[in-house]
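These notes are about the structure you will find just below.
The values are calculated or read from the model by the stated rules, or taken from the named source; none is laboratory data. As the structure is a prediction and not an experimental result, all values here were calculated from the model. Because the Cβ atoms are built from the backbone with ideal geometry, glycine has one as well, and the counts that use them run over all protein chains shown.
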Amino acid sequence: MFRINVTCACFGLMVLLNECGAQDRKNDDLVKPKPVTPAPKWVTPTEAAVRQGPQPIRPGDHGIGRLVSDVSFADLAGKNHQLSALSRKQIVVFAMTSTSCPLSKKYLPTLIDLVKSSGDGVSWVLVNPFATDKLSDMQTAAEQFHGKVIYVHDKDGNLANTCGAFTTTDVIILDRSRTIVYHGAIDDQYGFGYSIDTPRYRYLADALVAIQAGKSPLVAATDAPGCTLEQPTKPSAKSEVTYHNQVARIMQRHCVECHHDGGVGPFPLDTFDDVETHAGMIKQVIERGIMPPWFATETTPNAVTKVVHTPWANDRSLAAAEKNDLLSWIAGGKPEGDHRDAPQPLKFDNGWLIGKPDAIFQFAKPVPIKATGVMPYQKIVVETNLPEDKWVQAIEVQPGDRGVVHHVLVFVQDGGEDEGEPSDDAAAERRGFWGIYVPGNSTLVYPKGFAKRIPKGAKLKFQMHYTPNGTATTDQTRIGLIWAKEPPKHEVRVAGIVNARISIPPGADNHREESTLRLPMDAQIMGFLPHMHLRGKACKYEVTRSDGKTTTLLDIPRYDFNWQLLYRYFEPLSLHAGDTIRFTVWYDNSDKNPANPDPTKTVRWGAQTFDEMHLGYVEYYIPGAKPGESPSLYGRRGAAGGGRPGFDLEAIFKRLDRNGDGKLIGDEIPEAQRDNLMRLDADKDGAITLEEAKRLRR
């Protein structure tokens, strides 16, 4: 009975400080959190949505009813075909595709199934308008249709332009008079920033059924999220910007790190031909503000110098001048310029970016990845068998198949933990990630004097988010570590600001939740990494100082689940004991969120993407603390309080003890938790001392 009572008291303390998320769901009936009033919709309507699925278009604006000119074209084998000859006998489907566009690759299995089921009355023409796509890749794709399609490499884009295609997933259906009767998406399974397990709307399949029955499609026109195709236009006034004198340098600065042969980007952007071919897509992602991936609100330029002074060491955003140069180059006809103006090409080592690791740990066996749909998070535990504690200067995560690994979070389990899965996921998240991989960021490298600790006999738990790309495969991810040459001066740690009791109502399009972390000691903040799932819409980190002043630290008005970015300070931010970091998140659980697995469901905390998380990681170090004994912001290893994971007893007690007399009495014990907490009052004097509270540890 005593153990049960102590647990209840502990739970009450944690609730008071918004630390209760670590409790099992069976305790939900003990304390009901107060509802949080939704915030104003501060994501403005003019901002382009991060996630975008097919949207209906007025048929007349999308070419429905237009006659397509008779045109000839050659397939991959060099055989010529005439559109008029095909359309006399059959319905003709022009399906845009690409072997380098991620969305096209995802839709290839769907097209294969549609071709199989469409019967003999349909002639399929797959059109690849990217000049730089490789012939061998196209031949491999074409072979999967077993001779039932005409695959065209439309290098100059003439066939795509004749059809009126806009993206690499666009589909145009012509009747036997070469009239466009459907122009739009295949379905809504994949789009910008999301994918779902099965489509909700099968636009192309439904259109084919209707047209073959002599009827008009119910939905005749939609847009089709995919890689944008450049439309034929007359060049504007000649630009002085050329590929070699400026554009190549912008690409190297912001894009080529991912977009090179062997990189994580879906296609290279390190040659003139590559950039010219993808100019339409480059224009779109710049105008939408989704590439390069950087979602922090931009700092206001200096009124005099017009220069933006960013606090972030890894700021990826394009400057206004860089945007103007790229857009004017595209509008000006994309001149190549003089080869003598070209920058030195970047070189990429196919091995380890951090250098040769001192230790490598890999999955014991490959993980099978399905071809299509959505995969739940996979959690793989890897033994290290380290004979002693180690200090780590650099960490690099290498996916076995970069094409399907979306992101990886690596956690350390102490050697004393026997189970492969912690009993409390929220408490584990509070302890923070140890290693990370996201597209374009696979390494954590710390300067001399800074390092992370990995204990003797530790296990590494990999949280894997896989995104099927149209081809079944396997992945065997590994992690490389470089040991510090000497014990560090500062131990780098990560804490998670967690609200595991989130409850997002069905249909809510701007639901607000928050959680706080009151610092029990001085800390130097190195960076932030927010983490939500598919309903995450926007988030913000703020700090309230002991004098009551609140400052925004990181504002992300358009959160994108596809990019788990670490925002690293150029100079660590100094915070002090008593300062409170607040992490606020807005969620979209409405049917207007195309990534939403189920808008009719109340959504709560959970590890899988169809659940949600409210998790604001904070990377930090404690100044003056001895590495190896450095306290956690949650009172874990080395903290004065010690105690259970994620539970700093002294910090909680101090916060409740407003008059500092060393005991909790009267209104210092909130009425809602009085019954639970007073069970700690051993001498029955109506007050709880710190010594009485320490019974929680026994």
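Brief remarks follow.
- Segment 78-116, residues that are over 40 Å from the mean Cα position of the chain (by Cα) and of a type in the set (A, V, I, L, M, F, W, C): 83, 85, 86, 91
- The one condition in (1) polar (S, T, N, Q); (2) outside the structural domain of residue 588 (by TED's automatic domain parsing); (3) modelled with pLDDT of 65 or more; (4) surrounded by 17 or more Cβ atoms within 10 Å (Cβ to Cβ) that residue 632 fails to fulfil: (2)
- Of all residues making up segment 313-332, the number that are modelled with pLDDT of 85 or more and either outside any loop (DSSP other than H, G, I, E, B) or surrounded by fewer than 16 Cβ atoms within 10 Å (Cβ to Cβ) (or both): 10
- Qualifying residue in segment 90-102 (condition: surrounded by fewer than 20 Cβ atoms within 10 Å (Cβ to Cβ) and part of a loop (DSSP other than H, G, I, E, B)): yes
- Residues (modelled with pLDDT of 90 or more and closer than 30 Å to residue 198 by Cα) located in segment 557-593: 557, 558, 559, 585, 586, 587, 588, 589, 590, 591, 592, 593
- The single condition among (1) of a type outside the set (D, E, K, R); (2) modelled with pLDDT of 90 or more; (3) buried (at least 17 other Cβ atoms within 10 Å of the Cβ) that residue 71 does not satisfy is (3).
- Counting the residues of segment 283-312 that are at pLDDT below 85, within 25 Å of the chain's Cα centre (by Cα) and either within 20 Å of residue 246 (Cβ to Cβ) or of a type in the set (Asp, Glu) (or both) gives 1.
Rundown of residues vs (1) surrounded by fewer than 21 Cβ atoms within 10 Å (Cβ to Cβ); (2) in contact (Cβ under 8 Å) with a residue 60 or more places away in the chain, yes/no style:
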site: 545; (1), (2): yes, no
site: 558; (1), (2): yes, yes
site: 567; (1), (2): no, yes
site: 576; (1), (2): yes, no
site: 588; (1), (2): no, yes
site: 598; (1), (2): yes, no
site: 604; (1), (2): yes, yes
site: 613; (1), (2): no, yes
site: 617; (1), (2): no, yes
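- Within segment 250-269, residues that are in the same structural domain as residue 319 (by TED's automatic domain parsing) and touching a residue at least 12 places away in the same chain (Cβ under 8 Å) sit with their Cβ atoms under 7 Å from residues that are of a type in the set (S, T, N, Q) and buried (at least 21 other Cβ atoms within 10 Å of the Cβ), at 6+ positions apart or across chains, in these pairs: 266/100; 267/100.
Yes or no, residue by residue, for (1) modelled with pLDDT under 95; (2) small (Gly, Ala, Ser); (3) part of a strand (DSSP E or B); (4) surrounded by 13 or more Cβ atoms within 10 Å (Cβ to Cβ):
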residue	(1), (2), (3), (4)
353	yes, no, no, yes
357	yes, no, no, yes
360	no, no, yes, yes
371	yes, yes, no, yes
379	yes, no, yes, yes
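- Of all residues in segment 49-68 being hydrophobic (A, V, I, L, M, F, W, C) and in contact with a His (Cβ under 9 Å, 6 or more places away or on another chain), the one that is modelled with the lowest pLDDT: 57
- Whichever residue in segment 470-520 is surrounded by 22 or more Cβ atoms within 10 Å (Cβ to Cβ) and polar (S, T, N, Q) and, among such residues, is farthest from residue 579 (Cα to Cα): 477
- Among the residues of segment 569-601, those identified as outside any strand (DSSP E or B), touching a strand residue (DSSP E or B) at 6+ places or on another chain (Cβ under 6 Å) and not aliphatic (A, V, I, L, M) are 579, 588, 589, 594.
- A search for C-beta distances below 7 Å between a residue of segment 102-119 that is at pLDDT below 95 and any residue that is assigned to a helix (DSSP H, G or I) and among the hydrophobic types (A, V, I, L, M, F, W, C), counting only pairs 6+ apart in sequence or on different chains, returns 118/208.
- Of all residues in segment 441-457, those satisfying the criterion of being in contact with an Asp or Glu (Cβ under 6 Å, 6 or more places away or on another chain) and not in a strand (DSSP E or B) are 442, 455, 456.
- The single residue among 200, 253 that is of a type in the set (Lys, Arg) and either closer than 21 Å to residue 107 by Cα or assigned to a strand (DSSP E or B) (or both) turns out to be 200.
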